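Q: Take a look at this one; I'll ask things after.
The values are calculated or read from the model by the stated rules, or taken from the named source; none is laboratory data. This is a predicted model, so every value here is computed, not measured. So basically every Cβ, Gly included, is an ideal-geometry build from the backbone, and we count neighbours across all protein chains shown. Only protein heavy atoms, including side chains, enter the accessible area calculation; ligands, DNA and RNA are left aside. Shrake-Rupley method; radii C 1.70, N 1.55, O 1.52, S 1.80 Å.
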Amino acid sequence: VLSKNSDIHIVLCDINMPRMDGLTLLGEVQQLERILEVVIVSAYGDMDNIRVAMNRGAFDFLTKPIDFQDLDATVLKTRQHIDERLAAAAARRRTVELELRNRFIRDTFGRYTSEEVVTQLLDKPEGLTLGGERREVTVLSSDLRGFVPLSESLSPETVVALLNRYLEVMFEVILRYQGTINEIAGDGLFVFFGAPIRQSDDVERAVACAIEMQLALDRLQSEQDWRDRFPAIEMGIGIHTGSAVVGNIGSRQRTKYSAVGSNINRAARVEACTVGGQILITKETLDAAGPDVLFHRSLDFTLKGMTTPVTLYDVDGMGGARNLRLLRTAEPRVELKDQLDVRFWVLNSKVADDDARHGRLVRLSPREGELTAARAVEPMTDLRLEILGADGQPLMGEFYGKVLPEPLDGGEGMIVRFTSVPLEIRRFFEELTLLQM
């Protein structure tokens, strides 16, 4: 029956049965090489039979007389396990299919990930010759805030599952806006617009793509499955427009369609100035994108490797036909009756210094806090923080934030935007702010 019905995934059987006993059946089931689990239901409740059954692959063992409530719970548990195995198998199939497709693309075209690149090269094989050209491109750099340290507190399986789901959603948006994915660096993405196909709305599409990426991440994290499985994450995006060299770079054995130049690096440095949920663009991008780009403020930053400040624009959305708006939910910081003692470290290039500092969170929202400390911290500094108990020991794990440039109204201290918060701490903040209201 099992060999003829591949849609059967759960079997309940006894040990003492005619023609074939249950322990022999377990061995036969293993030969089917299918997603199938066997639950033994038997009057033989001695440890020897139980051990033999489990060693031969039984999922669970119930003894007679049957407790039907226990049986229901066991079947439900088995069904959930089967569903997980089926989902994992489907994911593996999709992964294999994707790997085969990507291998073909990589073997033929290097590491092109844009369908427009593939189509152009299929139509014009001469595009595979080495070399390049200088042209104006708009570069989008995105990165998850505080993800590297956060990933160290998660299991490898959770990290990979989170990244795969996140990247799947981002790729869908990027390719819909005809961006060329130049690089995937863990949780970071480099995307450029304007090559290999130049269009009149390249810069506008880049900004619209960034807005859609933020909106897509909001939608993704509103899903119950995400909230149950993963911590909250936030993405920062920087965009810059300028001249770069684009083309097939490499050797005849390995080529990659890419863009290089100082303007490519500038986009990454703009992105490093962002907090979660933010899009910062340079004046070059703002001027080239046209009047439909909406922003609510400009900020002056000295980018890494530069000596003079540059003005960046904090994007709110896009008007006109695209009509896109970032979701900026007002989250007022509430005053804490019992202020939270914290210990924090300044991060330099994502590495914490050895100087632990102490302060207090005096006001709080789920995403921001007002932190007072004996020593001031420069705006845009990244921090690693811990909440301390009365004994001076950490109550929970670590979380991360960035000091915002906005001054506090009539108060001392600094506003810290939380960039990476584990699920336990996120729920603690949410409950604490509700209690204070």
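Q: Using Cα pairs closer than 8 Å and at least 6 residues apart in sequence, work out the relative contact order for the stretch 305-372, in percent.
A: Reported as a whole number, the value is 25 percent.
Q: With a ≥ b ≥ c taken as the square roots of the eigenvalues of the C-alpha gyration tensor of the stretch 331-437, please select rounded if a/c is under 1.5 and otherwise prolate if a/b is larger than b/c or oblate if it is not?
A: Rounded.
Q: Another question, if that's okay. State the extension gain, in nm to one decimal, for the chain segment bounded by Met306 and Leu423, taking 0.36 nm per residue of separation less the distance between their alpha-carbons.
A: 38.4 nm
Q: Okay, next question. Roughly how many Å² of Met306 are accessible to a 1.4 Å probe, to the nearest 10?
A: Only protein atoms counted, so the area is about 50 Å².
Q: Take the Cα atoms of the stretch 237-354, build their convex hull, and give its volume per residue in Å³.
A: So the per-residue hull volume is 203 Å³.
Q: Additional query: Please state the relative contact order of the chain as a whole percent: Cα pairs under 8 Å, 6+ residues apart?
A: Relative contact order of the chain: 11 percent.
Q: Considering only protein heavy atoms, what is the solvent-accessible area of Cys273 at a probe of 1.4 Å, reported in Å² to the nearest 10?
A: Here the residue's solvent-accessible area equals roughly 20 Å².
Q: With N residues in the chain, what two-decimal value do you get for its Cα radius of gyration over 2.2 N^0.38 Å?
A: My calculation over the Cα atoms of the chain gives 1.24.
Q: Accessible area of His240, 1.4 Å probe, to the nearest 10 Å²?
A: Its heavy atoms expose roughly 0 Å² to the probe.
Q: Treating only the Cα positions of the stretch 1-97 as identical point scatterers, give the base-10 log of I(q)/I(0) from the Debye formula at each q in 0.18, 0.23 Å⁻¹.
A: -0.87, -1.27
Q: Give, as a single signed number, the net charge of other residues whose beta carbon lies under 10 Å from the beta carbon of Ile237, with Lys and Arg counted +1 and Asp and Glu -1.
A: So the surrounding residues net to -2.
Q: What whole-number value in Å² describes the accessible area per residue of the chain for a 1.4 Å probe?
A: 53 Å²
Q: So, one more: Share of the chain's accessible area from carbon and sulfur, percent, 1.4 Å?
A: The C+S portion of the solvent-accessible surface of the chain is 50 percent.
Q: Mind ranking Glu152, Glu204, Glu97, Glu284 by accessible surface for me, highest first, 1.4 Å probe?
A: Highest to lowest solvent-accessible surface, that is Glu152, Glu97, Glu284, Glu204.
Q: Taking a 1.4 Å probe, which of Arg34, Arg165, Arg134 shows the most accessible area, and what order do the others take after it?
A: Sorted by accessible area, descending: Arg134, Arg165, Arg34.
Q: Run the numbers on the stretch 186-257 and let me know its relative contact order in percent, using alpha-carbon pairs under 8 Å that are six or more apart.
A: 24 percent
Q: Quick one: what Rg and Dmax do you get for the stretch 313-377 from the alpha carbons, in Å?
A: Rg, Dmax (Cα atoms, Å): 17.4, 51.
Q: What is the calculated FRET efficiency for Leu12 to Ala87, with r their C-beta to C-beta distance and R₀ = 25 Å, to the nearest 0.05?
A: 0.65
Q: Checking the a/c ratio against 1.5 first, then a/b against b/c, what shape does the Cα gyration tensor give for the stretch 167-297?
A: It is oblate, given that a/c is not under 1.5 and a/b is not larger than b/c.
Q: So how many Å³ per residue does the convex hull of the Cα atoms of the stretch 159-242 work out to?
A: 88 Å³
Q: Could you tell me the center-to-center distance, by alpha carbons, between the stretch 196-274 and the stretch 387-426 in angstrom?
A: 28 Å
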